[in-house]
Amino acid sequence: MNYLNSMYWEGYYINGLNLYLRGIKYMDKIMDGYIDYMKNEKKLRDNTLDAYVRDILKFKDHVIKKEDEDYINTNKTTIITYLTSLQRTGKSTSTISRNLASIRCFFQYLLNNQLIDEDPTLNLKTPKSERKIPEILTEEEIDLLLSQPKVDNAKGARDKAMLELLYATGLKASEMTSINIGDIDLELGILQIRENKNNRFIPVGDLAIETLNFYLQKYRMDCIDQSDRPLFTNYRGNRLTRQGFWKIIKEYTISTNINKKITPNTLRHSFAVHLIENGANIKLVQEMLGHSDLSTTQAYNIPSEDENLREVYKKLHSRA
């Protein structure tokens, strides 16, 4: 190759390299603009923002390495191929759904800013999540767990009352720790859960009422008439936290030697499943659990019948 030809090809290479580098800078600028938009206009929390950006960067790397394409001007087929590759590597349905949401949000940003002519995620359907029920305890395991706290001291009496109430009502941990003394009618056996729009009323079984009465009469007599005081407190007299409640359940789980991961949710779902197995109406279980959507409760797959909530509870709950 003569000197002129050499100069020509060298110039062509440098030119192409410059164009390539300018392309990278352009795409980096777009990404910076997208991050700024998500942070300052969409006002996403740092963790959520990090997840969205991380998803897009992984998608970008896949497209550039595997498909040898410009990820900004990619097409629907490439996106589907990417999501399929996530599935093949064993990613969960929820992870794949989140990735699609991240990709969709990015391309909508590009479209809204006239950086692309068409959104390739249009009409792409989010995969349906698999509804998983946490591990369920048998009624024998429930009896074993609830027998662990010893009521000869304030902590044991409190813990016994909490565990009995949790299994008797199917409450969430956050609901349990937010109960005030005035929220429960010990004579009628009714608990009121205060919610943003509508309060929820749940029947409470005799065993739970008995342990609550003992705890309040023996260790909380000084504030039993103060309806706005928290029902369950820590050793400093402050409202028990959700994290503190989780630790209490973990403590008693260890002492039972039950080879299952037990959380407040485990007792919540055990409560629902045991009612259902005994023939309870799905709508009544929905009402007690506070599910806004019946389909959430239908994960338990039971037929429905028309019955009174309190009658069903008394008849079907093992500790009522």
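The values are calculated or read from the model by the stated rules, or taken from the named source; none is laboratory data. Worth saying up front: this structure is predicted, and the values here are computed from it rather than measured. We place every Cβ from the backbone using ideal geometry, glycine too, and count neighbours over all the protein chains shown. Side chains are part of the model used for accessible areas, which takes the heavy atoms of the whole protein and leaves out ligands, DNA and RNA. Shrake-Rupley method; radii C 1.70, N 1.55, O 1.52, S 1.80 Å.
Condition check: part of a helix (DSSP H, G or I) and under 23 Å from N265 (Cβ atoms). Does L83 satisfy that? So L83 fails the test.
Would it be correct to say that A168 is open to solvent by 40 Å² or more (accessible area, probe 1.4 Å) and touching a helix residue (DSSP H, G or I) at 6+ places or on another chain (Cβ under 9 Å)? It is false that A168 is open to solvent by 40 Å² or more (accessible area, probe 1.4 Å) and touching a helix residue (DSSP H, G or I) at 6+ places or on another chain (Cβ under 9 Å). Apart from one condition, D206 fits all of (1) among the charged types (D, E, K, R); (2) free of Cβ contacts under 8 Å to residues at least 60 places away in the same chain; (3) closer than 21 Å to E287 by Cβ; the exception is (2). Considering (1) part of a helix (DSSP H, G or I); (2) surrounded by 13 or more Cβ atoms within 10 Å (Cβ to Cβ); (3) of a type outside the set (V, I, T), the lone condition that K66 does not fulfil carries the number (2). Scan the range 184-202 for residues that are touching a residue at least 40 places away in the same chain (Cβ under 8 Å) and over 26 Å from the mean Cα position of the chain (by Cα) and the total you get is 1.
Can you name every residue in the range 216-225 that is open to solvent by 40 Å² or more (accessible area, probe 1.4 Å) and assigned to a helix (DSSP H, G or I)? Answer for the range 216-225, where residues must be open to solvent by 40 Å² or more (accessible area, probe 1.4 Å) and assigned to a helix (DSSP H, G or I): Q217, K218, Y219, M221, D222.
Find the residue count for the range 226-254, including only residues that are modelled with pLDDT of 90 or more and among the hydroxyl-bearing types (S, T, Y). Of the residues in the range 226-254, 4 are modelled with pLDDT of 90 or more and among the hydroxyl-bearing types (S, T, Y).
Residue by residue, here is whether (1) over 25 Å from the mean Cα position of the chain (by Cα); (2) more than 27 Å from D225 (Cβ to Cβ); (3) hydrophobic (A, V, I, L, M, F, W, C) holds:
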| site | (1), (2), (3) |
| --- | --- |
| T93 | no, yes, no |
| S97 | no, yes, no |
| D143 | yes, yes, no |
| G182 | yes, no, no |
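Residues of the range 226-243 being open to solvent by less than 20 Å² (accessible area, probe 1.4 Å) and within 28 Å of E141 (Cα to Cα), which ones? Steps first, please.
Of the range 226-243, the ones open to solvent by less than 20 Å² (accessible area, probe 1.4 Å) are 230-233, 240.
Within the range 226-243, L231, F232, T233, L240 meet the criteria.
Of the residues making up the range 181-215, those that are open to solvent by less than 10 Å² (accessible area, probe 1.4 Å), assigned to a helix (DSSP H, G or I) and among the aliphatic types (A, V, I, L, M) are A208, L212. Among the residues in the range 249-263, are any farther than 17 Å from Y167 by Cβ, touching a residue at least 60 places away in the same chain (Cβ under 8 Å) and not in a helix (DSSP H, G or I)? Within the range 249-263 (the criterion being farther than 17 Å from Y167 by Cβ, touching a residue at least 60 places away in the same chain (Cβ under 8 Å) and not in a helix (DSSP H, G or I)), the answer is no, since none of the residues qualifies. Based on this model, can you work out whether K150 counts as of a type outside the set (D, E), closer than 30 Å to T256 by Cα, part of a loop (DSSP other than H, G, I, E, B) and open to solvent by 20 Å² or more (accessible area, probe 1.4 Å)? Here the answer is yes, as K150 does meet what is asked.
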